[in-house]
Amino acid sequence: MLTWPHAGTDWQDRLDVVEPVFEAIARAVLRFEHLVLSCEDRPTLDRLTASLDDWARRQSLPGRVLSSAAPANDTWARDHGPIAVTNGDLKLLDFRFNAWGDKFAWDKDDALNRALCEAGLFGQTPLEPVDFVLEGGSIESDGEGTLLTTSECLLSTSRNPDYDRSQIEGRLRDTLGAERVLWLNHGYLAGDDTDSHIDTLARFVAVDHIAYVRCDDKQDEHYAALTAMEDELKQFRTADGTPYTLTALPWPQACYGDEGERLPATYANFLIINGAVLLPVYGVPQDEEAIRVMQGLFPDREIIAIDCQPLIHQHGSLHCVTMQLPEGIVRP
């Protein structure tokens, strides 16, 4: 699922550089699976649908683009998109979205999943509203009952002020089937608007294996916090009590915005799709090492590097602009 940028979003002055990034992501996805695409601007959506349909047909992959015009404040589908769960039957959970603690406008994004459901893009899969603020980028699942998250984000009083940690764990258990929640109390990226989303810091690459960002430069502002995060990860145990295998991802050279601000470049913001992993790169020397490390983590998948330097100018990256939907939800 992609929510396309348009002139009414913060991308207005960068559409010429950011749309090619979205197009690269869309074409990579279409090689392996269907694409659910929405955009508030109807002419843009019609142009994109025609272009991507034509591209897919030329690749002998017809019928993979499903699109609908729908209002949106922004493009971060990871956080406003539905979260799919299954207990025999698939359903989509429509958690509340308030733009990372009411930092930006969010009314259209909060209503987007319902609009796409009513347009038929989720087939017959039920969409269940959940009166609880939760962004997809704030949780990482091993698929077997363990969630990884950060206290900086989930315990933020600007999201669910009436919930303490135990009550939040209860909601995660009741809605997502979480049997365990592993909390990171350290780790951040400068320039991040999300209050330390886990998908910028640490990711499951197997049920017993976590890839994470590590900073070895003692002069870097991130060194202390990320070292403390690494120490926390070393203390975590799998459900059967064994330490996790940990793989440190390369630390990219610092990237800066137009006004000299640090941007949140991270290789942890990768996307796993059918048969491939889409890896954000940033035009820095560490990109090649990141590709090599990722290929080692996923030897049976194609690693597709996508230049996401334009995305971090709005403080997110590749995983942040996508939301996967499992087989059986989309029935074209």
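The values are calculated or read from the model by the stated rules, or taken from the named source; none is laboratory data. Note that the structure is a prediction, hence the values are computed from the model and not measured. For neighbour counting, all protein chains shown are included, and Cβ atoms are generated from backbone atoms with ideal geometry for every residue, glycine included.
Of all residues in segment 60-75, those satisfying the criterion of being in a loop (DSSP other than H, G, I, E, B), more than 16 Å from A115 (Cβ to Cβ) and not polar (S, T, N, Q) are L61, P62, G63, R64. Of the candidates D131, D53, the single residue that is in a helix (DSSP H, G or I) and over 17 Å from the mean Cα position of the chain (by Cα) is D53. Is there any pair linking a residue in segment 187-199 that is free of Cβ contacts under 8 Å to residues at least 60 places away in the same chain to one that is acidic (D, E) and assigned to a loop (DSSP other than H, G, I, E, B), with Cβ under 9 Å and at least six apart or on different chains, and which? Sorted first by the residue in segment 187-199, then by its partner, the pairs are Y188/D195.
Considering L93, L52, the condition of being under 19 Å from V18 (Cβ atoms), surrounded by fewer than 23 Cβ atoms within 10 Å (Cβ to Cβ), hydrophobic (A, V, I, L, M, F, W, C) and at pLDDT 95 or above is satisfied by L52 alone.
Figure legend. Inter-residue proximity from segment 203-228: first residues more than 22 Å from Y244 (Cα to Cα), second residues assigned to a helix (DSSP H, G or I), beta-carbon distance below 7 Å, spacing 6+ or different chains. Indicated pairs: D217/Y223. Residues that are in contact with a helix residue (DSSP H, G or I) (Cβ under 6 Å, 6 or more places away or on another chain), surrounded by fewer than 19 Cβ atoms within 10 Å (Cβ to Cβ) and in contact (Cβ under 8 Å) with a residue 60 or more places away in the chain within segment 139-158 comprise just one, S158.
Checked against the criteria, E302 does not count as without any contact (Cβ under 8 Å) to a residue 24 or more places away in the chain, of a type outside the set (F, W, Y) and out of contact with any helix residue (DSSP H, G or I) (no Cβ under 7 Å at 6 or more places or on another chain). L148 meets each of the listed conditions (1) over 21 Å from R203 (Cβ atoms); (2) assigned to a strand (DSSP E or B); (3) in contact with a strand residue (DSSP E or B) (Cβ under 6 Å, 6 or more places away or on another chain) apart from (1).
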